[in-house]
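Take a look at the structure below.
The values are calculated or read from the model by the stated rules, or taken from the named source; none is laboratory data. No experiment lies behind these values; they were computed from the predicted model shown. Counting neighbours? That spans all protein chains shown, and the Cβs are built from the backbone with ideal geometry, glycine included.
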Amino acid sequence: MTMAKNIFITIFLGLFKGPVGKYIHVDMSQTWSEAQSYCQTKYSDLAVVNSQKDHELLVAVKTQDLSGWIGLHRDDVNVSLWKWSGEGKMRYQNWAKDQPNNYEGRQNVVRMMSSGKWNDYPQGYYLTFYCYIRNNGFGKNYLHNHISRTF
Ligand SMILES: *[C@@H]1O[C@H](CO)[C@@H](O)[C@H](O)[C@H]1NC(C)=O
């Protein structure tokens with residue numbers, strides 16, 4: 001394979017198959033909105049999970065009790081529509097059994113349970129949370145890491 005082809009494939013895979021980013025668990029109890037502001041200020045956003053691979057990277061940052069906020073929330077207008085903080089569409093889901101159930105009609109955000117499964121939850125609870133640092137597909141670090149790994 002030529003070097004050019006190799007680079008092309010690496011970039012292509014990086015853009016379309018790569019994990020969304022690096023995850024961080026923040027061991028501070030905050031409401032979902034407070035956690036969102038904290039992640040946006042300090043990192044990129046509350047954790048976004050777009051694939052099974054992302055899920056595996058997310059759950060790998062803790063060894064037990066995976067409980068905490070992730071960046072999924074209901075759309076303001078259409079409560080059946082889930083979006084990631086930063087407005088991305090939900091492309092992967094990992095709901096616990098019988099969830100989301102919007103209990104009492106006030107469960108607008110998502111808590112990952114200790115099992116790693118998702119549950120819709122009221123935003124005012126104080127929980128620890130997961131942030132992520134976004135992989136910019138064309139970002140210098142990302143390309144650098146992948147190209148150096150290829151050669
Ligand atoms: C709301 O979102 C759901 C889930 O994506 C969709 O099936 C439904 O058509 C939407 N409803 C409206 C009124 O847009």
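Overview of values
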quantity	calculated
Filter result (at negative phi, modelled with pLDDT under 95 and under 11 Å from the mean Cα position of the chain (by Cα)) within region 73-89	G88
Given (1) modelled with pLDDT of 95 or more; (2) of a type in the set (S, T, N, Q); (3) buried (at least 16 other Cβ atoms within 10 Å of the Cβ), number of the condition N102 does not satisfy	(3)
Selection from region 65-107 of residues that are closer than 22 Å to P19 by Cα, out of contact with any Leu (no Cβ under 7 Å at 6 or more places or on another chain), outside any strand (DSSP E or B) and away from the ligand (no atom under 13 Å from the Cβ)	L66, G86, E87, G88, Y92, N94
Criterion (surrounded by 14 or more Cβ atoms within 10 Å (Cβ to Cβ), charged (D, E, K, R) and out of contact with any helix residue (DSSP H, G or I) (no Cβ under 6 Å at 6 or more places or on another chain)) met by exactly one of K97, K83	K83
Contacts under 9 angstrom Cβ, first residue in region 57-82 being within 19 Å of N102 (Cα to Cα), partner of a type in the set (F, W, Y) and within 13 Å of the ligand (Cβ to nearest atom), 6 or more apart	L72/W82; H73/W82; R74/W82; D75/W82
A47 among the aliphatic types (A, V, I, L, M), away from the ligand (no atom under 16 Å from the Cβ), crowded, with 19+ Cβ neighbours inside 10 Å and closer than 17 Å to N135 by Cα	yes
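One line per residue, one yes/no per condition, for (1) among the aliphatic types (A, V, I, L, M); (2) under 23 Å from D76 (Cβ atoms); (3) modelled with pLDDT under 50; (4) in a strand (DSSP E or B):
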site	(1), (2), (3), (4)
R111	no, yes, no, yes
Y125	no, yes, no, no
Y132	no, yes, no, yes
N136	no, no, no, no
H144	no, no, yes, no
S148	no, no, yes, no
